[in-house]
Amino acid sequence: SQTIHQWPATLVQPVGSPLSLECTVEGTSNPNLYWYRQAAGRGLQLLFYSVGIGQISSEVPQNLSASRPQDRQFILSSKKLLLSDSGFYLCAWSSGQFGGYTFGSGTRLTVV
Amino acid sequence: SQQGEEDPQALSIQEGENATMNCSYKTSINNLQWYRQNSGRGLVHLILIRSNEREKHSGRLRVTLDTSKKSSSLLITASRAADTASYFCATDNFGNEKLTFGTGTRLTIIP
């Protein structure tokens, strides 16, 4: 069966520090991969999505970047965090056949 | 940008009652999906309804879709305390496999 792993679960980082969040998927190949951010009590904002290795589409210009070094690995990064980067980050995958998404358990990022 | 808007933003009902949540969207869609999110957790896919379908059932869930009104509703029958969560609709637009989520309905089931 397919599983998705996202870590860490919580992270507190100082302003100006770098960020690396990792997401991996098991049990499937060539998934579509997504990074979403959720502000407190709000809906989800799509940040990046990828339909293949090295293929990244950015939805919102910001202080973040994404990479897909392997088929089932999706990384969200920042060189210098801002206070406004705080939020709940969710990774998800889909089969790319207009079906449902499977989400990871999320990372709560607090920038202080 | 948000495609879907859920209504109401918050809903509290007694256990055993039915809960109805509504979603409106703006553009043509390929399908509409509903997700549940428990506090501080990831989202769980509940049900998907395609644009050529009008109603779909899954256990205690019933989803309707009215493409002429660009709206959908999620009905949870015989609610349980475990149904307490936020519920989001999401649309998958034609030619575009990116899901756009609404702002969610926070459902509280009172035991």
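Kindly check whether there is at least one residue in the range A:13-33 that is open to solvent by 60 Å² or more (accessible area, probe 1.4 Å), without any contact (Cβ under 8 Å) to a residue 24 or more places away in the chain and either at negative phi or out of contact with any His (no Cβ under 9 Å at 6 or more places or on another chain) (or both). No. Filtered by the rule that a residue be in contact with a helix residue (DSSP H, G or I) (Cβ under 9 Å, 6 or more places away or on another chain) and buried (at least 17 other Cβ atoms within 10 Å of the Cβ), the range B:18-66 gives B:ALA19, B:ARG36.
All of A:ARG68, A:ARG108 fail the test of being touching a Phe, Trp or Tyr at 6+ places or on another chain (Cβ under 6 Å) and within 11 Å of A:SER50 (Cβ to Cβ), apart from A:ARG68.
Confirm whether B:SER86 is within 14 Å of another protein chain (Cβ to nearest Cβ), hydroxyl-bearing (Ser, Thr, Tyr) and more than 24 Å from A:SER50 (Cα to Cα). Criteria met by B:SER86.
Inspect the range B:71-83 for any residue being more than 13 Å from B:ARG36 (Cβ to Cβ), at the interface with chain A (Cβ under 10 Å from one of its Cβ atoms), touching an Asp or Glu at 6+ places or on another chain (Cβ under 9 Å) and open to solvent by 10 Å² or more (accessible area, probe 1.4 Å) and give the result as yes or no. Looking through the range B:71-83, none of the residues is more than 13 Å from B:ARG36 (Cβ to Cβ), at the interface with chain A (Cβ under 10 Å from one of its Cβ atoms), touching an Asp or Glu at 6+ places or on another chain (Cβ under 9 Å) and open to solvent by 10 Å² or more (accessible area, probe 1.4 Å). Residues that are more than 27 Å from A:SER95 (Cβ to Cβ), assigned to a loop (DSSP other than H, G, I, E, B) and within 14 Å of chain B (Cβ to nearest Cβ) within the range A:9-39 comprise just one, A:ALA39. Does A:ARG42 satisfy the condition of being among the basic types (Lys, Arg), touching a Gly at 6+ places or on another chain (Cβ under 9 Å) and assigned to a strand (DSSP E or B)? Taking the combined requirement at face value, the residue does not satisfy it.
The values are calculated or read from the model by the stated rules, or taken from the named source; none is laboratory data. Keep in mind it's a predicted model, so treat the numbers as computed, not measured. Here the Cβ is made from the backbone with ideal geometry for all residues, glycine too, and neighbour counts use every protein chain on show. Surface areas here come from the heavy atoms of the whole protein model, side chains and all, with no ligands, DNA or RNA. Shrake-Rupley method; radii C 1.70, N 1.55, O 1.52, S 1.80 Å.
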